[in-house]
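Read-outs: derived from the displayed coordinates by stated rules, not from any lab. The model shown is predicted, which means the values in this text are computed figures rather than measured ones. Neighbour counts run over all protein chains shown; Cβ positions are idealised from the backbone, glycine included.
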Amino acid sequence: MSVSFVSEPITPLDQSFDPAGMARGEPGLPHQFRWRKKEFTVSRILEQGKDHGNCAHGSGERYVRRHSYRVETLDGSIVNLYFQRSFGRGKKSAMRWWIQSIERDCSTAVPVAD
């Protein structure tokens, strides 16, 4: 199976977040998102996980840094998404949801206007 590395931000669509995940203190995985001017709908979550990291100030505590999701979209694409919990400053700080890679691109999503 071929995997295409992407590492680009996605735009979650309004009102498409998972409230159950948010109630557990996790980011609400968007059920719909826009990437490269196309809209995608998540049909199911195949896997999910968390990456941890040490405290930057040396206290010995560990924090969740990233939530990752391997999902299938309605068009059959397999996409690896992640939510970056910690972020830097500036313009990219608003970009917290990212598409890491695509394992199977069956994209039949129709381009939308900005």
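Between residue 51 and residue 18, what is the spin-label point distance in nm, taking each point 7 Å from the Cα along the Cα→C-beta axis?
Computed distance between label sites residue 51 and residue 18 equals 1.9 nm.
What ³J(HN,Hα) values, in whole Hz, does the Karplus curve 6.51 cos²θ - 1.76 cosθ + 1.60 give for region 50-55 when θ = phi - 60°, with x put for Gly and Pro?
Result, rounded to whole Hz: 9, 10, 10, x, 6, 4.
So how do 71-80, 15-24 stack up, highest first, on mean other-Cβ count within 10 Å? Show your work: numbers first, answer last.
Details: 71-80: 18.0, 15-24: 11.9.
Descending mean neighbour count gives 71-80, 15-24.
How far apart, in nanometres, would the label points at residue 59 and residue 41 be if each is projected 7 angstrom from Cα along the Cα-to-Cβ direction?
Going from the residue 59 label point to the residue 41 one covers 4.4 nm.
Please list 3J(HN,Hα) in residue order for region 13-19, calculated via the Karplus relation 6.51 cos²θ - 1.76 cosθ + 1.60 where θ = phi - 60°; whole Hz, with x for glycine and proline.
7, 4, 6, 10, 7, 7, x
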